[in-house]
1. Within segment 267-308, find all residues whose amide N lies under 12 Å from a label point positioned 7 Å from the Cα of R54 along Cα-to-beta-carbon.
2. Just want the ordering: K202, K237, from fewest to most Cβ atoms lying within 10 Å of their own Cβ.
3. Express in nm, to one decimal, how much length is gained between A271 and I167 on full extension, taking 0.36 nm for each residue of separation and deducting their alpha carbon distance.
4. Can you tell me how segment 236-310 classifies by the Cα gyration tensor, rounded, prolate or oblate, using a/c under 1.5 as the rounded cut?
5. Which whole-Hz ³J(HN,Hα) couplings does segment 164-172 yield from phi under the Karplus relation 6.51 cos²θ - 1.76 cosθ + 1.60, θ = phi - 60°, glycine and proline marked x?
6. Compute the FRET efficiency between T137 and V42 as 1/(1 + (r/R0)^6), taking r as their Cβ-Cβ distance and R0 = 30 Å, and round to the nearest 0.05.
7. Mind listing the Cα extents of segment 133-221 along all three principal axes, in Å, largest one first?
8. Largest first and in whole Å, what are the equivalent-ellipsoid semi-axes of segment 28-112 based on the Cα gyration tensor, each being the root of 5 times an eigenvalue?
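The numbers here are math on the coordinates, done by the rules we state, and not lab data. This is a predicted model, so every value here is computed, not measured. Glycine gets a Cβ as well: all are built from the backbone with ideal geometry, and neighbour counts include every protein chain shown.
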Amino acid sequence: MVAGFCVSCPESADTAMADMREIGPTYFFAPPRVLEQMLTRVLIRMEDASRLKRGLFHYFLGLARRHGEKLLNGEKVSLTGRALYFGGRVLVYGPLMNALGFSRVRVALTAGEAIGGELFSFYRSLGLNLKQFYGQTEAFLCLTAQPAGEVFPDTVGRVMPNVELRIADDGEVQFKSPGMFVNYFRDPTRTSASMTADGYVKTGDAGFFDPKSGQLKIIDRVSDVGRLTDGTLFAPKYLENKLKFFPNIREVVAFGNGRDFVTVMLNIDLAAVGDWAERHNIAYASYQELAAHPEVYDLVARHVADVNRALADDGMMARIRRFLILHKELDADDGEVTRTQKSAVPLWRNATLRLSTRFTTVRTRPTSRRKLPSRTGARACCRLASISATWRPRCQVRVLHTSRLRVARRRGPHDATGHEPHRRNPPLDRERVAEFRRRQSCRRGFV
């Protein structure tokens, strides 16, 4: 035995935050989505705090962005910066780490999908020793990891000992290691498809080695990375992570490969946007009504404009021209996300998005509201908003009813009855419904 440890499990997903404080772990591992949700809760609670607390939080948060990571990496920081950071640890960072349950954490790891650089830097600036690693189940966990003192937000670390890693001609990361899998259980076809002729395993991820640090960078899935019609690089995961850093945005799916411009479909975070709506005296009765509110579109448009400005500084990635707020949250029961709340990439990326060409183009001010013609169950309709890199007082807004949004999926065995695959249940037989109502009336004495 090398070392012993105690495993603690939360009572439920709702009590995980409270259980973290009670347990006080010394080692913490979580995917980026969990860290995003924790940050969202923190920002929501700070918006409800007093003006003094909000001022202290934002001041010391800016200070942490300047000096926090440098102190954690052992770099040189001025005496004044160290003194101010120590004051922030007493007033803000320490209580915040305690509220999140990170007071005793010595090492925190994240993996599973790409993490946004802003999110990664936020936790490290607070003093949390957060690192990234890259691995797969087929590799028996770990292929690369970030060593101490060489932690960067856009890399996943150096190659582990006894692991051979290479980049294929199409940009795919391939590996060979002593702990690699032998085959998939009773699935020789899939096994042969995931192996190369010389024994390397195909990861399906696109990446490259950073020439400055020598560490591996993962861009996205090989099947997802593409280019626009003008040749601009399109990496959907990179765009999605930048948008999901904002607490008001919960889920994002980007489209753009082989198209003239980039379009994103997103879900708002009901807790964060609902709290924002209450502070701005915006009444709503459901998620659909809140998602269709014009001021919510203005709020999201500002976030998209901020991301476009950051993408313009990079100079390599395609920028977002249109966005769509979905009228419902993505659900695992509908196959829109996985059980671990990841986007169902095979569904969304390979889907044929059928949009009606009968758009209604309106010229409106950001604070104006125009009542749209309603269809059955579609008053809270989705809108495709055309935006530019900078926010303008007037913009072109394209309106689209949700009833005209269809995602065409390939028919499988479960579609053999001929029902539309986007429906969860088949349509009811009208004769059976009438017979059921007649029997109910007889039971109540109304023959």
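1. Counting only backbone N, you get 276, 279-280.
2. K202, K237
3. This chain segment gains 33.3 nm when fully extended.
4. prolate
5. Running phi through 6.51 cos²θ - 1.76 cosθ + 1.60 with θ = phi - 60° gives 9, 10, 9, 10, 6, 5, 8, x, 7 Hz.
6. After rounding, the FRET efficiency stands at 0.40.
7. 43, 25, 19
8. Square roots of five times the eigenvalues give 22, 20, 11 Å.
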